[in-house]
Amino acid sequence: MIYLLRHAHAGNKRAWSGPDDRRPLSATGRREAAGLVPRYHDRPIATILSSPALRCQQTVQPLAEQRGLPVGLDGRLDVDAGAGDAATLIRPDLDDVVLCTHGELIGRLLGLLRERGAPIGRHAQWPKGSTWLLRLSGDRVAEATYLPPPGASRSH
């Protein structure tokens, strides 16, 4: 299983005066990040990879600490990364992996996976803190399941 995770809620981009890659999670985002621990409780996770952006690292940190796993940083998950580059992380030998990235990249990546035959609807959503569970059959995404952000209503 591949867990494609959008980072949790971060502070307002326009109000942040520092470099965008150093923008931290908001209080809401920290609650969402903590909510990933029970969300993934029964799920096997072997590897956690994150965009180098602070908000992505902070999103997976509680889960990494609970699992005793390091957080690997990968530029293929950065906000400006290409969907083709990010898609190289969706492969059978990288199983039970959490990939934490940005909404911009998730949108492009889901579109690319759809073009390659993944069962992802054109109206797919990926709000902050949400996860797409991607199950592979060989090197193809055979199943894609949306999980809303921790604490969100499933009807959204």
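The values are calculated or read from the model by the stated rules, or taken from the named source; none is laboratory data. The shown structure was predicted, so the numbers you read here are calculated from the model rather than taken from an experiment. Don't worry about glycine lacking a Cβ; one is built from the backbone with ideal geometry, like all the others, and counts go over all protein chains shown. Ligands, DNA and RNA are excluded from the accessible area calculation, which covers all protein heavy atoms including side chains. Shrake-Rupley method; radii C 1.70, N 1.55, O 1.52, S 1.80 Å.
The set of residues in segment 125-150 that are among the hydroxyl-bearing types (S, T, Y) and free of Cβ contacts under 8 Å to residues at least 60 places away in the same chain comprises S137, T145, Y146.
Residues in segment 34-44 that are assigned to a helix (DSSP H, G or I) and open to solvent by less than 50 Å² (accessible area, probe 1.4 Å): 3 in all.
Count, please, the residues in segment 83-96 that happen to be open to solvent by less than 30 Å² (accessible area, probe 1.4 Å) and closer than 19 Å to G107 by Cα. The total comes to 5. Applying the condition of being buried (at least 20 other Cβ atoms within 10 Å of the Cβ) and among the aliphatic types (A, V, I, L, M) to segment 98-117 and asking which residue is farthest from A8 (Cα to Cα) yields L113.
Select from segment 22-33 the residues that are in contact (Cβ under 8 Å) with a residue 60 or more places away in the chain and over 13 Å from the mean Cα position of the chain (by Cα) and write down the one among them that is least open to solvent (accessible area, probe 1.4 Å). Only one residue fits best here, namely G29. Number of residues in segment 83-102 that are at pLDDT below 95 and at positive phi: the value is 0. Based on what the data block shows, is T131 within 20 Å of L49 (Cα to Cα), open to solvent by 30 Å² or more (accessible area, probe 1.4 Å) and among the β-branched types (V, I, T)? When the stated conditions are applied, T131 does not pass them. Among the residues of segment 45-67, the ones that are among the hydroxyl-bearing types (S, T, Y) and open to solvent by 10 Å² or more (accessible area, probe 1.4 Å) come to 1 in all.
When segment 58-86 is filtered for residues that are of a type in the set (S, T, N, Q) and free of Cβ contacts under 8 Å to residues at least 40 places away in the same chain, the ones remaining, listed by number, are Q61, Q66.
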